[in-house]
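First the structure, in the form of structure tokens, and then the observations on it.
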Amino acid sequence: MKRLLPLCLMLLAASVARAAGPGAPMEIRAEDGERIPVLVLEPEGRAANPPVAVLLHGLTRRKEDWLSDAAPTYGGALRDHLVRSGYRVYLLDARRHGERATPDARPGELARRAHRGEPALYQAMIADTVRDAHALLSSVLATRKPPRVLVAGYSMGAQVGLLLAAREPRITHLVTMVPPHIDPSLGEIAPAGHMARIHQDWLLLTANQDDFAPVADSRALFDASPSRRKSHKTFDSGHALPREYLDDVHRWLGARR
């Protein structure tokens with residue numbers, strides 16, 4: 001838990017993506033009835049049953065990160081690649097982020113409280129976000145079976161992606177960029193306790209100078225998955241990966257057509 005506070009502060013210091021971009025609004029309801037704001041980007045080619053991708057943002061960020069080419073995610077480039085490759089792309093705000101921001105309990109404050117030994121609200125934010133992403137996927141997949149279901153996430157989004165993939169076998173491909181190490185004592189929201197259910201094709205990208213995910217912890221996470229089609233690359237960087245990480249994502253996706 002001690003790594004959550006500096007991670008939050010680092011991401012808060014980065015500019016929040018505000019770029020306007022294409023995308024039709026979609027609104028679904030969470031298990032608890034809360035509104036989940038979603039943007040949907042249609043693929044080039046307009047295939048009748050295209051592959052789908054769900055993109056998950058990091059702590060203190062928002063879904064519009066995937067419409068901007070700004071650091072740390074450089075998400076617009078990935079979004080563009082997926083749309084050009086024929087994916088229908090879904091973007092959603094995590095609980096207490098973006099359109100769902102709550103001035104009385106901002107993500108940074110939840111991280112600070114967790115750092116002080118009061119993790120309950122942080123745990124709830126992550127667990128509810130996983131359930132929201134699952135509600136979105138369930139809605140998307142209710143009437144169709146796409147040829148590929150990709151989930152990709154950066155930092156906190158990678159944490160959520162791992163937890164989501166562990167509970168949703170219809171996900172076929174998983175890309176996680178620098179998932180932070182979460183102490184197993186946090187139970188439901190710690191990916192380490194769920195890795196035995198990660199069977200998807202999986203690309204894990206980590207960094208050898210990442211204060212929030214030590215190399216040994218990232219390796220243990222990777223080794224714990226029984227997936228037979230998994231890849232792991234480590235960059236010589238900190239938690240903010242170099243923009244070139246996107247080249248590896250594009251190559252990995254292209255090799256799995």
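Can you list residues whose amide H is under 5 Å from ASP201's amide H, if they're 5+ apart or on another chain and H is modeled 1.01 Å from N?
Those qualifying (amide H under 5 Å, at least 5 residues apart or on another chain) are LEU174.
I'd like the FRET efficiency for ASP236 and THR143, computed as 1/(1 + (r/R0)^6) with the beta carbon distance as r and R0 of 41 Å, rounded to 0.05.
According to the calculation, E is roughly 0.35.
Which aspartates and glutamates, if any, have their Cα less than 16 Å from the Cα of LYS233, not counting same-chain residues under 8 positions apart?
The qualifying aspartates and glutamates are ASP201, ASP210, ASP217, ASP223, GLU244, ASP247, ASP248.
With both partners inside the chain, how many of the DSSP beta bridges are antiparallel, as a percent to the nearest 5?
30 percent
Pairwise over distinct Cα atoms, reciprocal of the mean inverse distance: report the Kirkwood radius of the stretch 4-254 in Å, one decimal place.
Across the stretch 4-254, the inverse of the average 1/r is 17.9 Å.
Sum -39500 (n - 2.57) across every DSSP H segment of at least 4 residues in the chain, then divide by the residue count to get the 222 nm mean residue ellipticity, nearest 500.
Working: 7 runs with 83 residues, N = 257.
Here the helix-only value at 222 nm equals -10000 deg cm²/dmol.
Calculate, for ARG116 and ALA192, the FRET efficiency according to 1/(1 + (r/R0)^6) with r their C-beta to C-beta distance and R0 25 Å; round to the nearest 0.05.
Result of the calculation: an efficiency of 0.65.
Classify the stretch 109-232 as rounded, prolate or oblate from the Cα gyration tensor: take a ≥ b ≥ c as the square roots of its eigenvalues, call it rounded if a/c is under 1.5, otherwise prolate when a/b beats b/c and oblate if not.
Verdict is oblate for the stretch 109-232.
Applying the Karplus parametrisation 6.51 cos²θ - 1.76 cosθ + 1.60 with θ = phi - 60° to the phi angles of the stretch 57-71, what ³J(HN,Hα) value in whole Hz is obtained for each residue in order, glycine and proline being reported as x?
Using θ = phi - 60°, the values come out as 8, x, 4, 6, 9, 7, 4, 5, 4, 7, 10, 10, 9, 7, 5 Hz.
Beta carbons within 10 angstrom, averaged per residue: use that to sort the peptides 127-134, 172-179, 234-241, highest first.
Working: 127-134: 21.9, 172-179: 25.0, 234-241: 17.5.
Going by the mean number of other Cβ atoms within 10 Å, highest first, we get 172-179, 127-134, 234-241.
Just so you know, all these numbers are worked out from the coordinates, no wet-lab data involved. Computed from a predicted structure; not experimentally measured. When we count neighbours, we look across all protein chains shown, and the Cβ atoms used for this are built from the backbone with ideal geometry, even at glycine.
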